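Below you'll find the structure, written out as structure tokens, and then a few comments.
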Number of protein chains: 2
Amino acid sequence: MPQAKATIYTVARAAGVSAQTVSRVLNGTGQVSEKTRAAVRAAIEAQGYRPNTVGRSLRASRTPMIGVLVADIGNPFYARLHRAIERRLAGSGYSLMLMNCDDDAQIERRQLDLLRSYRPAGLVIVPSVGSSLDETDLRAFGHVVSVSRVLDDVHVPAIVTDEREAVAAAAAELLALGHTEIAMILGPPEASTTRARAAGFHAAVAGRPGCRGHARHTDGTRAGGEAAAGELLGTHPGVTGMIGFNALVTEGIVSAVRTAGRACPDEVSVIGFTDAGWMTLYQPAISVIDQPVEEMGALAGRLLLDLAAGESVDPGPWVVPSTLIRRGSVAPPATTKESRT
Amino acid sequence: MPQAKATIYTVARAAGVSAQTVSRVLNGTGQVSEKTRAAVRAAIEAQGYRPNTVGRSLRASRTPMIGVLVADIGNPFYARLHRAIERRLAGSGYSLMLMNCDDDAQIERRQLDLLRSYRPAGLVIVPSVGSSLDETDLRAFGHVVSVSRVLDDVHVPAIVTDEREAVAAAAAELLALGHTEIAMILGPPEASTTRARAAGFHAAVAGRPGCRGHARHTDGTRAGGEAAAGELLGTHPGVTGMIGFNALVTEGIVSAVRTAGRACPDEVSVIGFTDAGWMTLYQPAISVIDQPVEEMGALAGRLLLDLAAGESVDPGPWVVPSTLIRRGSVAPPATTKESRT
DNA sequence: CTGAAAGCGCTTACAG
DNA sequence: CTGAAAGCGCTTACAG
């Protein structure tokens, strides 16, 4: 029959030992005789005692909790990231406190304050676009790892994918197929990811004399991607290949291509960024630069565990490579095909 | 210059008052003279003091945190639910601790134990399929609200949508269009949602003499939905309409219909459950029973806030209605159309 | 309007 | 191998 309020003291009394000994049994620290251990276990069982993390955390001045602050958990990228971190941390005793900031620097700061009030052991952060956080803010947190987006002038371990190279390879593949005018529909210009992906795109185009590359910034949403892609298809009918900044923008591109009455891949090839279930359902299936979200999350969890254990961690940036998955949405441009026929 | 370790005591000393007065200023409780208040505020500012929720929680025997336990945050339904609860709780001082249980009753129990060790103020739970939780487990949590799935014989406020009615209406619409053999690809038989949706489906079919309804259980994934739908299309070529249990199963149905070489909606009409971005991108756009996820999450947040404030809350179940969104994937069956032509 | 004392549940030195 | 004391940061009675 579980006791109304079991604590280490009620357990200690029932077992005929001190609270300290109960603590030792609970944590497996120090030496406890087998007999005493058994008595304590029996009392724990009898009272239905459950440790109180709050008491422990207060004494330790540190809570076994990792904060996770992302822009929007509704975005599958962040949802998968959370799940991957949680899996890596399973069994470690650490819990995750997830917070959204809607990519708003003010909300980000507020959420961080709230989070910090719990004195968490660490933080995984995908900084907001236009984040105002600096090294001081993050240092106040103790252990921090940034994922995907990086903060300028802030030296915390960062986990990223090889955005520049991956986009460059994808763009190069379009160009090698014979496309001479291609476009990249980007995210917000302030995001580090936008800059890296844009750089890869431009580098690939620059490597092909006679080819032209268009880049457009958006807010990273489907609507934003659709508007930018639609505008581009209208003003630059020569564009025969498009790369999307993320899964949502890619949805927008696909929609715009269809609305413009252009066939994919016959008239316009499309490559997405970050795989999504619908991409294999759509016809044609969408080729995509597949970001290793699970690996990035697992690595974030590992680095934080190392940091919490007092080990020093290389600031990186830790680069986890993306892979180009070739599906049906990429083909040589129509003109090339015709000239071959 | 923020102090290394600011507490209410360091603030109190700097302001020349007692810790108790600092607490009063922080919480807006009791009477504090304007002058004293200003001095305290100045000291807080000067030291960069941030309240420690752990200390407060220990004293209060309760943490301003709501646990959220769901099957899989990778499922957009749960991600949207989390976001909706978080939005409703914004500014309330409560944080959310999100946990996955992979729909595994054992993991569910373990996660709940971990969560409980924080002494949270409440819990939002989507019980796992085959959950072993009973009223005692949940009562130990204090304030609990269940969402979407309900636990048998457990009396906690529940938030659901009108699954039975919504599915019945969707099925009835197919039948009214002239379909005489339709199918529902369900989730796991143990889930309360499966039972409710199946009941709605069977009721609609029973209301139409001469019509036939097939129901198949799956694990609720895309692969499961695809296998079940594929099998059904093969063994029962007369099926001209299918309803999916959730967004993933609907992906599977759409894929299976295409693999079977059947045109949608000309040969097979499809209706999904829970709207998703790809459903408007796909051709034809997928008609769907749209679940009011945001409202359900907001309501869960509100009920928990009420409960935490000591108010009594109606156990409900609180029913938030779903809406049938008509898009391109539903049409009269081919035979009917031919006979009209 | 303000303060001194006690205690929330635990672990960290320190002693034995 | 085991225990008594102190203290983590805060708020709750209780006094004035």
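The values are calculated or read from the model by the stated rules, or taken from the named source; none is laboratory data. Computed from a prediction, not measured in an experiment: that's the story for all the values here. Please note: Cβ atoms are built from the backbone with ideal geometry, for glycine as well, and neighbour counts cover all protein chains shown. These accessible areas exclude ligands, DNA and RNA; they are computed on the full protein's heavy atoms, side chains included. Shrake-Rupley method; radii C 1.70, N 1.55, O 1.52, S 1.80 Å.
Overview of values
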| read-out | value |
| --- | --- |
| Residues of region A:61-95 that turn out to be away from DNA strand C (no atom under 16 Å from the Cβ), part of a strand (DSSP E or B) and facing chain B (nearest Cβ under 7 Å), as a count | 0 |
| Close pairs (8 angstrom Cβ cut-off, 6 or more residues apart or separate chains): in a loop (DSSP other than H, G, I, E, B) in region B:112-135, among the basic types (Lys, Arg) and away from DNA strand C (no atom under 16 Å from the Cβ) anywhere | B:Val126/B:Arg149; B:Pro127/B:Arg149; B:Val129/B:Arg149; B:Ser132/B:Arg109; B:Leu133/B:Arg109 |
| Unique residue being of a type outside the set (D, E, K, R), open to solvent by 40 Å² or more (accessible area, probe 1.4 Å), at pLDDT below 95 and within 19 Å of the chain's Cα centre (by Cα) when the list is A:Gly130, A:Gly91, A:Gly74 | A:Gly130 |
| Filter result for the condition that a residue is buried (at least 16 other Cβ atoms within 10 Å of the Cβ), in contact with a strand residue (DSSP E or B) (Cβ under 7 Å, 6 or more places away or on another chain) and assigned by TED's automatic domain parsing to the domain that holds B:Pro120, over B:Ala229, B:Ala300 | B:Ala300 |
| Residue that is within 14 Å of chain A (Cβ to nearest Cβ) and closer than 26 Å to A:Arg109 by Cα, where the choices are B:Arg56, B:Arg24 | B:Arg56 |
| Extreme residue, nearest to A:Ala176 (Cα to Cα), among residues of region A:256-269 that are within 12 Å of chain B (Cβ to nearest Cβ) and open to solvent by less than 10 Å² (accessible area, probe 1.4 Å) | A:Val257 |
| Residue tally, condition assigned to a helix (DSSP H, G or I) and out of contact with any Leu (no Cβ under 8 Å at 6 or more places or on another chain), over region A:225-248 | 12 |
| Any hit, region A:12-30, residues being open to solvent by less than 30 Å² (accessible area, probe 1.4 Å) and farther than 22 Å from A:Gly93 by Cβ | yes |
| Residue check for A:Leu89: more than 15 Å from DNA strand D (Cβ to nearest atom), touching a helix residue (DSSP H, G or I) at 6+ places or on another chain (Cβ under 8 Å), over 22 Å from B:Ile107 (Cβ atoms) and not charged (D, E, K, R) | no |
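Residue-by-condition table, conditions (1) away from chain A (no Cβ under 14 Å); (2) in contact (Cβ under 8 Å) with a residue 40 or more places away in the chain; (3) touching a helix residue (DSSP H, G or I) at 6+ places or on another chain (Cβ under 9 Å):
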{"residue": "B:Ala172", "(1), (2), (3)": "yes, no, yes"}
{"residue": "B:Leu177", "(1), (2), (3)": "yes, yes, yes"}
{"residue": "B:Ala183", "(1), (2), (3)": "yes, yes, yes"}
{"residue": "B:Gly207", "(1), (2), (3)": "yes, no, yes"}
{"residue": "B:Arg212", "(1), (2), (3)": "yes, no, yes"}
{"residue": "B:Ile243", "(1), (2), (3)": "yes, yes, yes"}
{"residue": "B:Ile271", "(1), (2), (3)": "yes, yes, yes"}
{"residue": "B:Thr274", "(1), (2), (3)": "no, yes, yes"}
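Residue-wise test of (1) more than 7 Å from DNA strand D (Cβ to nearest atom); (2) touching a residue at least 12 places away in the same chain (Cβ under 8 Å); (3) in contact with a Ser or Thr (Cβ under 7 Å, 6 or more places away or on another chain).
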residue: B:Lys5; (1), (2), (3): no, no, no
residue: B:Val11; (1), (2), (3): yes, yes, no
residue: B:Ala14; (1), (2), (3): yes, yes, no
residue: B:Gln31; (1), (2), (3): yes, no, no
residue: B:Arg41; (1), (2), (3): yes, yes, no
residue: B:Gln47; (1), (2), (3): yes, yes, yes
residue: B:Pro51; (1), (2), (3): no, yes, yes
